[in-house]
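Visitor: Right, I'll just put the structure down here and ask away after.
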Amino acid sequence: MRYEGDIYRPPGEWKSYLLQCTVGCSHNTCTFCTMYKAKRYHVRPLADVLEDIQMAAGTWYRNTETVFLCDGDAIDLPVDYLLAVLDALYKSFPHLRRVTTYAGPLSTLRKSPEELRIIRQAGLQRAYLGVETGDDALLRHVKKGVGAEGMLRAGQSLVEAGFDLWTIVITGLEGAGRDALERNAALTAKMINEMRPKHLSSMTLMAIEGTPLYEEVQRGELKLQTPFESLLEVRQLVSQIQLEDLHYTSNHASNYLPIKGTLTRDRDAILAQLDQVLQSGDPALLRDDAYRSL
């Protein structure tokens with residue numbers, strides 16, 4: 001397949017055919033992210049994307065069941081472009097069950113409710129939204145492009161249009177200290193409760209060299225959480241989620257402790273697991289930093 005630059009996908013899309021529709025991210029200013037910094041954002045010619053689909057359909061990809069539209073937020077594509085891609089995908093892959101994409105908050109808000117419904121009904125089923133945090137000031141500080149109100153509206157718009165919404169948050173953005181993590185967990189849980197996604201994943205902040213956030217850490221303006229502070233924030237977040245049947249994961253490579261379950265059904269078991277590790281204070285129970293990555 002033809003790709004420009006490095007390609008990223010959510011962990012759950014490891015079996016998916018990755019179809020690059022845009023190069024880079026239309027926003028690309030988040031202070032913690034390096035994924036698309038080496039790319040100039042542009043939309044690939046539709047003819048090239050349709051040709052890629054035909055190329056894939058003529059190989060073992062023909063049996064694929066899921067497709068992920070790359071790069072940063074294909075939801076930003078014009079509706080007619082998306083409809084043409086979705087039509088070609090479902091015609092070309094007889095076993096196709098699901099098409100998914102990242103969704104940026106600003107690109108989502110640029111779509112009208114009717115436009116979101118149209119592309120959802122055409123077969124774009126799941127959207128991954130990087131919520132990061134429910135803290136308005138913190139969202140602005142990390143340059144997500146929206147504050148808490150805008151992030152909530154973006155998520156709710158996707159849910160109302162019928163998308164299978166998968167939200168992602170980052171623990172530790174607020175820095176070290178129990179007061180800070182408890183406040184952030186409460187604000188983030190409140191936003192998730194109001195947004196009502198079907199899935200929630202929490203990742204752990206890692207300061208990556210080359211990002212503005214890394215420079216903040218180097219200057220001493222942001223103190224990273226300890227591993228056990230990170231787990232405590234996860235505990236606070238999980239304890240305040242009120243949604244039934246929310247698929248929750250904290251098993252990304254950045255996380256210190258793999259956690260997976262359904263809230264609120266598995267909450268007691270998850271909290272017991274966290275409490276056992278927190279009370280032990282034993283770093284041997286955590287994922288070693290050598291094996292943590294984004």
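Visitor: State whether one or more residues within the range 26-39 are among the basic types (Lys, Arg) and out of contact with any Phe, Trp or Tyr (no Cβ under 8 Å at 6 or more places or on another chain).
Guide: Yes, the range 26-39 contains a residue that is among the basic types (Lys, Arg) and out of contact with any Phe, Trp or Tyr (no Cβ under 8 Å at 6 or more places or on another chain).
Visitor: A follow-up question, please. Could you say which residue among SER107, SER112, SER92 is farther than 15 Å from ARG9 by Cβ, among the hydroxyl-bearing types (Ser, Thr, Tyr) and either surrounded by 24 or more Cβ atoms within 10 Å (Cβ to Cβ) or more than 22 Å from the chain's Cα centre (by Cα) (or both)?
Guide: On the way: SER107 fails: either surrounded by 24 or more Cβ atoms within 10 Å (Cβ to Cβ) or more than 22 Å from the chain's Cα centre (by Cα) (or both); SER112 fails: either surrounded by 24 or more Cβ atoms within 10 Å (Cβ to Cβ) or more than 22 Å from the chain's Cα centre (by Cα) (or both).
From the options SER107, SER112, SER92, the qualifying one is SER92.
Visitor: GLU215: of a type outside the set (Lys, Arg), in contact with a Leu (Cβ under 7 Å, 6 or more places away or on another chain) and in a helix (DSSP H, G or I), yes or no?
Guide: So GLU215 does not fit the description; no.
Visitor: Can you tell me which residue in the range 1-19 is farthest from PHE68 (Cα to Cα), limited to those that are of a type in the set (Gly, Ala, Ser) and part of a loop (DSSP other than H, G, I, E, B)? Quick ask: steps written out before the conclusion?
Guide: We begin by selecting, within the range 1-19, every residue of a type in the set (Gly, Ala, Ser); these are 5, 12, 16.
Retained after the next criterion (residues that are part of a loop (DSSP other than H, G, I, E, B)): 5, 16.
On the way: GLY5: 16, SER16: 6 Å.
By that ranking, first place goes to GLY5.
Visitor: Out of all the residues in the range 119-164, which are of a type in the set (A, V, I, L, M), closer than 11 Å to MET195 by Cα and out of contact with any Gly (no Cβ under 9 Å at 6 or more places or on another chain)?
Guide: Matches in the range 119-164: LEU158, VAL159.
Visitor: So, in the range 184-212, exactly how many residues are part of a helix (DSSP H, G or I) and either hydroxyl-bearing (Ser, Thr, Tyr) or over 25 Å from LEU152 (Cβ atoms) (or both)?
Guide: 1
Visitor: Which of the residues belonging to the range 212-223 are under 21 Å from the mean Cα position of the chain (by Cα) and free of Cβ contacts under 8 Å to residues at least 60 places away in the same chain?
Guide: TYR214
Visitor: Looking at (1) touching a Leu at 6+ places or on another chain (Cβ under 8 Å); (2) buried (at least 18 other Cβ atoms within 10 Å of the Cβ); (3) of a type in the set (A, V, I, L, M, F, W, C), find the lone condition where CYS33 falls short.
Guide: Of (1) touching a Leu at 6+ places or on another chain (Cβ under 8 Å); (2) buried (at least 18 other Cβ atoms within 10 Å of the Cβ); (3) of a type in the set (A, V, I, L, M, F, W, C), only one is false for CYS33: (1).
Visitor: Please name all residue pairs, on different chains or six or more residues apart, with Cβ atoms under 6 Å, provided the first residue is in the range 263-276 and is within 18 Å of ASN193 (Cβ to Cβ) and the second residue is of a type in the set (A, V, I, L, M, F, W, C) and part of a helix (DSSP H, G or I).
Guide: Pairs found: ILE270/VAL238.
Visitor: Further question on the same structure: Take the range 62-106 and flag every residue that is assigned to a helix (DSSP H, G or I), closer than 20 Å to HIS42 by Cβ, of a type outside the set (D, E, K, R) and in contact (Cβ under 8 Å) with a residue 40 or more places away in the chain.
Guide: Selection gives ALA74, ILE75, VAL79, TYR81, LEU82, VAL85, LEU106.
Visitor: Same structure again: Could you please tell me which pairs satisfy a Cβ distance under 6 Å, a separation of 6+ or placement on different chains, a first residue in the range 112-132 that is under 18 Å from LEU89 (Cα atoms), and a second residue that is of a type in the set (Lys, Arg)?
Guide: GLN125/ARG98
Rule-based calculations on the coordinates, nothing more; no lab input. Just so it is clear, the model here is predicted, and its values are computed rather than measured. When we count neighbours, we look across all protein chains shown, and the Cβ atoms used for this are built from the backbone with ideal geometry, even at glycine.
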